[in-house]
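These notes concern the structure reproduced below.
The values are calculated or read from the model by the stated rules, or taken from the named source; none is laboratory data. This is a predicted model, so every value here is computed, not measured. Cβ placement follows ideal geometry from the backbone for every residue including glycine, while neighbour counts extend to all protein chains displayed.
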There are 2 protein chains.
Amino acid sequence: MVFSTANGSAPLYTQIQNLLITRIIKGEWSPTEIIPSEIQFARELGVSQGTIRKAITGLVERKILIRRHGKGTFVASHDNDRALFQFFRIHNKKNIKALPESKTLTFIQRSASAAEADKLHLPKKARVFFIERIRSLDDQPIIIESITLPDHLFKGLKDIHLLNTLYNLYETEFSIAVHRAEESLRAISASKHDAAQLNLTEGAPLLEIERLALTLDNEPIELRISRCTTEKHHYWNTLY
Amino acid sequence: MVFSTANGSAPLYTQIQNLLITRIIKGEWSPTEIIPSEIQFARELGVSQGTIRKAITGLVERKILIRRHGKGTFVASHDNDRALFQFFRIHNKKNIKALPESKTLTFIQRSASAAEADKLHLPKKARVFFIERIRSLDDQPIIIESITLPDHLFKGLKDIHLLNTLYNLYETEFSIAVHRAEESLRAISASKHDAAQLNLTEGAPLLEIERLALTLDNEPIELRISRCTTEKHHYWNTLY
DNA sequence: TAGTGGTCTAGACCACGAC
DNA sequence: TCGTGGTCTAGACCACTAC
């Protein structure tokens with residue numbers, strides 16, 4: 001048995017969860033890839049299938065793994081569904097969401113601001129990619145969004161890449177899997193620039209969403225600031 | 001066996017979950033009260049303890065029940081912790097929350113507006129309680145909040161009641177348990193009234209949170225509109 | 001048909017809390 | 001000490017997917 005059973009040690013299934021997470025972080029299996037079956041794991045680790053099931057169930061709940069009945073267990077990935085249902089919270093009046101269209105305004109490399117470096121855990125003035133884009137819902141420009149990415153993680157990123165869903169792009173082209181995102185929301189006044197892009201008057205109230213995307217390893221890899229007009233849309237959340 | 005095992009029927013643990021939910025809704029056990037032990041349930045329902053455990057685990061995850069090791073399983077309640085950690089999302093710059101102080105400005109009964117009646121599933125112009133209050137964080141007025149309650153559910157509600165945490169009050173005084181809340185967030189401009197109460201200039205951007213609180217039975221029981229200045233605070237959310 | 005995850009059982013043993 | 005929930009096992013059988 002590879003696990004500690006000493007008095008006071010964590011339960012087996014917790015140790016197995018940590019083992020799985022470590023192996024996923026090491027890249028032993030990538031998003032969308034299948035992991036060994038429960039029975040194989042049970043044999044490999046010398047525990048019962050029930051214990052493996054319990055460990056995997058926890059990771060499924062944390063959206064680290066996905067089970068498919070009859071097929072196997074897979075590392076979670078940012079497909080369009082996840083982008084839309086887990087990570088996009090802007091709804092229209094009927095409380096329906098639609099994947100927005102995006103138009104890139106700016107795509108440059110520059111030095112990180114002090115705030116960006118701080119939030120992305122980068123050295124002062126580290127190089128970053130900076131992207132600005134407009135997102136439209138129902139053919140109306142609703143969101144102006146600025147995205148900052150550490151350039152050492154995204155070597156070779158090109159303007160053309162930005163057509164895809166970003167988190168899917170990070171995964172497939174740069175082997176960076178976003179696991180969770182932390183958002184803080186504020187109300188601000190539209191700048192002249194914001195207002196021009198969103199067809200509003202300067203000073204109009206905008207919902208500002210600052211999002212930091214993190215990997216399973218808790219490394220911040222994207223800072224995204226979205227400013228949204230909420231005349232016809234809103235940010236939706238459910239509390240339990 | 002009281003359960004269906006016909007081909008195509010839901011799993012036992014799902015049927016047991018539904019049974020438990022039904023019995024909680026009927027009021028067989030109230031928030032904070034203990035429910036029978038797993039072994040008792042297993043005997044009563046003629047299934048194994050493992051199946052009961054699986055059913056209860058699901059309800060614990062949905063925050064309908066709470067387990068206490070060595071003590072028993074209890075119906076979830078809105079204590080201060082839950083109010084603060086699950087249902088209050090306003091943080092300060094250090095990303096710390098503090099339970100706000102409240103000062104009541106208005107406490108009246110009146111007819112519901114069309115929007116209120118619609119959202120609370122009430123007949124047109126049904127009578128409601130309407131409360132307006134200011135909430136302060138760190139001694140600063142931050143939030144102006146208006147609350148609408150169907151008066152038939154809150155018979156005898158008095159101004160004096162409002163000193164408590166509201167969801168706890170609903171539970172203990174009116175036997176109404178809030179299970180979840182749906183929020184929609186927008187940016188708006190402060191009205192003259194808002195601005196005066198929050199020491200702001202008219203037109204300042206405010207974060208407006210419209211919250212509908214629902215019971216386990218999916219009945220809406222409170223409509224709450226909070227307008228927050230986000231100069232020194234923000235709304236915090238994590239996505240997975 | 002073979003392999004996967006999904007359900008359910010019966011039972012042993014552990015850890016916590018109240019008495 | 002007793003009753004509670006918590007962990008872990010071994011095994012039966014079901015349901016879905018692919019071949």
Pairs where the first residue, in the range B:52-78, is away from every other protein chain (no Cβ under 13 Å) and the second is small (Gly, Ala, Ser) and assigned to a helix (DSSP H, G or I), C-beta under 7 Å, 6+ apart: B:52/B:42
Condition first: away from DNA strand D (no atom under 14 Å from the Cβ), under 20 Å from the mean Cα position of the chain (by Cα), closer than 24 Å to residue B:53 by Cα and among the aliphatic types (A, V, I, L, M). Can you find one or more residues in the range A:65-75 that meet it? yes
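Evaluate the range A:174-188: report whether one residue or more is in contact (Cβ under 8 Å) with a residue 24 or more places away in the chain, under 18 Å from the mean Cα position of the chain (by Cα), surrounded by 17 or more Cβ atoms within 10 Å (Cβ to Cβ) and away from chain B (no Cβ under 13 Å). Lay out the reasoning, then the answer.
Pass one, the range A:174-188, residues in contact (Cβ under 8 Å) with a residue 24 or more places away in the chain: A:175-186, A:188.
Still in the list and also under 18 Å from the mean Cα position of the chain (by Cα): A:175-185.
Checking the rest, the ones that are also surrounded by 17 or more Cβ atoms within 10 Å (Cβ to Cβ) come to A:176-181, A:183-185.
Narrowing further to those that are away from chain B (no Cβ under 13 Å): A:176.
Looking for residues that are in contact (Cβ under 8 Å) with a residue 24 or more places away in the chain, under 18 Å from the mean Cα position of the chain (by Cα), surrounded by 17 or more Cβ atoms within 10 Å (Cβ to Cβ) and away from chain B (no Cβ under 13 Å), one finds at least one in the range A:174-188, hence yes.
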Can you name the condition, by its number, that residue A:45 falls short on among (1) crowded, with 17+ Cβ neighbours inside 10 Å; (2) of a type outside the set (Ser, Thr, Tyr); (3) more than 16 Å from DNA strand D (Cβ to nearest atom)? (3)
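For every residue, the table says whether it meets (1) in contact with a helix residue (DSSP H, G or I) (Cβ under 8 Å, 6 or more places away or on another chain); (2) within 13 Å of chain B (Cβ to nearest Cβ).
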{"site": "A:142", "(1), (2)": "yes, yes"}
{"site": "A:150", "(1), (2)": "no, no"}
{"site": "A:153", "(1), (2)": "yes, no"}
{"site": "A:165", "(1), (2)": "yes, no"}
The one condition residue B:116 fails out of (1) away from every other protein chain (no Cβ under 14 Å); (2) touching a residue at least 40 places away in the same chain (Cβ under 8 Å); (3) within 16 Å of DNA strand D (Cβ to nearest atom) is (3)
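If you go through the range B:27-49 one residue at a time, do you hit one that is at pLDDT 95 or above, over 17 Å from the mean Cα position of the chain (by Cα) and under 30 Å from residue B:210 (Cα atoms)?
Yes: the range B:27-49 contains one or more residues that are at pLDDT 95 or above, over 17 Å from the mean Cα position of the chain (by Cα) and under 30 Å from residue B:210 (Cα atoms).
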May I ask you to verify whether residue A:231 is over 16 Å from residue A:105 (Cα atoms) and away from chain B (no Cβ under 14 Å)? no
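Looking at this structure, is residue A:224 under 24 Å from residue B:229 (Cβ atoms), within 11 Å of chain B (Cβ to nearest Cβ) and among the charged types (D, E, K, R)?
No, not satisfied.
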So which residues in the range B:5-46 are within 12 Å of DNA strand C (Cβ to nearest atom), among the aromatic types (Phe, Trp, Tyr) and more than 14 Å from every other protein chain (Cβ to nearest Cβ)? B:41
